[in-house]
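Take a look at the structure set out below.
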Amino acid sequence: VERMLGEGGFGVVYKGLMDGKEVAVKELTVRRSTALLAEDDESIDKFRAFAHEVWIMSKLDHPNLVKLYGITQQPLRMVMEYCPHFDLHTFLRKQIPTIGPQWSLLKLRIAIDIARGMAHLHSMRPPIVHRECVSVL
């Protein structure tokens, strides 16, 4: 693990290296540093959400979806494909003068790639619904 990239609903995401390759490492964080306790409903809910995400990602194999490479148990982490540069929201709104008139074409290509990934998720049985939405165009 090299550096923190951000925080989410149930964990912290780091940039790391695995076999010399850049990866994203999502670590589950709970209120207590000890093992999950039955009376700690928040930690149990976070663990269930984390485990569910691992289970879903382990079923996915598509060029337009982030890949899960594996998990670690101590600490509990997912090791995933690293997508460099900015998050998509920032990237799409960033003005890049060097792209010029090709900017609209690039946004269209990104939208098509997103649609392909979403179509794959929706074609699964049962279908997977991704709850985040980004306005591309």
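The table below gives the values:
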{"read-out": "Accessible-area value, LEU17, 1.4 Å probe, nucleic acids and ligands omitted, Å²", "value": "100"}
{"read-out": "Amide hydrogen neighbours beyond the local backbone of HIS62, cut-off 5 Å, H modeled", "value": "none"}
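The values are calculated or read from the model by the stated rules, or taken from the named source; none is laboratory data. In this text the structure is predicted, and so the values were computed from the model without any measurement. Heavy atoms of the whole protein, side chains included, go into the accessibility calculation; ligands, DNA and RNA do not. Shrake-Rupley method; radii C 1.70, N 1.55, O 1.52, S 1.80 Å.
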